[in-house]
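**Q** Handing you a structure now.
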Amino acid sequence: MNQYTYKTPFTEEELARDYIDLKMSQTEIAIKYGTSQKVVWNAMRKMNMPSRIAAKRNQFGSLNSSWKGGRVLVARNKRQRGERTSFGNGYYYILDPAHPNANKSGYVAEHVFIAAKERNKPLVNGELVHHKDLNKHNNNPDNLIISTPKEHSMWHNQLEEIAVSFMKDGYIEFHPHTGYKRIK
């Protein structure tokens, strides 16, 4: 069958009854007659039957079909030039518009939320949360510490110095095809 010989599985009267009188959606009609919504839409167009305007619906929060409880993973696919990476790609954010550290969309980074909750006050300008084990997805309170940007930078620089010393001492080596590898 092709587009020129295909016969719809419903009559014009059946379509009008279902769509206009019974107020069924195009998808519901398609399911009823075992066809696709596009077939129903094309039939309506050929019959000069106007489509209803989609009703405005509240699609926010738990009313959205993609709702996952207000916890989302925000990840960047590409690193910025000179940016270091750690375990896990991105941070988890949770929806809490009332939180003082929330962004304009009402989300707050989960590690910030947990660290602020642990000390019973929000982070202020100039404070960061450091993941001790470098795993951005490990937001256990024991793994988080609030720091200044200077302390945070110092700790990451110390890690880099330790890695370099491990290379010099022969504990780590580099292979062009596999990258860095621990050898002792």
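The values are calculated or read from the model by the stated rules, or taken from the named source; none is laboratory data. In this text, all values refer to a predicted model and were calculated from it rather than measured experimentally. Cβ placement follows ideal geometry from the backbone for every residue including glycine, while neighbour counts extend to all protein chains displayed. Each accessible area value is taken on the protein alone, full model and side chains, heavy atoms only, with ligands, DNA and RNA left out. Shrake-Rupley method; radii C 1.70, N 1.55, O 1.52, S 1.80 Å.
**Q** Residues being surrounded by 12 or more Cβ atoms within 10 Å (Cβ to Cβ) and in contact (Cβ under 8 Å) with a residue 12 or more places away in the chain: count how many of those fall in segment 168-179.
**A** The qualifying residues number 1.
**Q** All but one of (1) surrounded by fewer than 11 Cβ atoms within 10 Å (Cβ to Cβ); (2) in contact with a strand residue (DSSP E or B) (Cβ under 7 Å, 6 or more places away or on another chain) hold for residue 125; state the number of the condition that does not hold.
**A** Failed condition: (2).
**Q** With respect to the numbered conditions (1) over 24 Å from residue 75 (Cβ atoms); (2) at pLDDT 90 or above, which one is the sole condition not fulfilled by residue 115?
**A** It is condition (1) that residue 115 fails.
**Q** Moving on to the next point. What are the residue pairs meeting all of these: first residue in segment 96-119, first residue at negative phi and charged (D, E, K, R), second residue in a helix (DSSP H, G or I) and surrounded by 11 or more Cβ atoms within 10 Å (Cβ to Cβ), Cβ atoms under 7 Å, and 6 or more apart or on different chains?
**A** Listed by first residue and then by second, the contacts come to 96/113; 118/141.
**Q** Restricting attention to segment 146-167, which residues are within 26 Å of residue 93 (Cβ to Cβ) and free of Cβ contacts under 8 Å to residues at least 24 places away in the same chain?
**A** Matches in segment 146-167: 147, 148, 149, 150, 151, 153.
**Q** Collect the residues in segment 160-184 that are of a type in the set (Val, Ile, Thr) and modelled with pLDDT of 90 or more, keeping them in residue-number order.
**A** Across segment 160-184, the qualifying residues are 162, 164, 172.
**Q** Here is a follow-up. For residue 66, which of the numbered conditions (1) at pLDDT below 85; (2) open to solvent by 80 Å² or more (accessible area, probe 1.4 Å); (3) of a type outside the set (Lys, Arg) fails to hold?
**A** (2)
**Q** Now for a different question. Which of (1) farther than 30 Å from residue 156 by Cα; (2) surrounded by 11 or more Cβ atoms within 10 Å (Cβ to Cβ); (3) modelled with pLDDT under 80 is the odd one out, the single condition residue 86 does not satisfy?
**A** (1)
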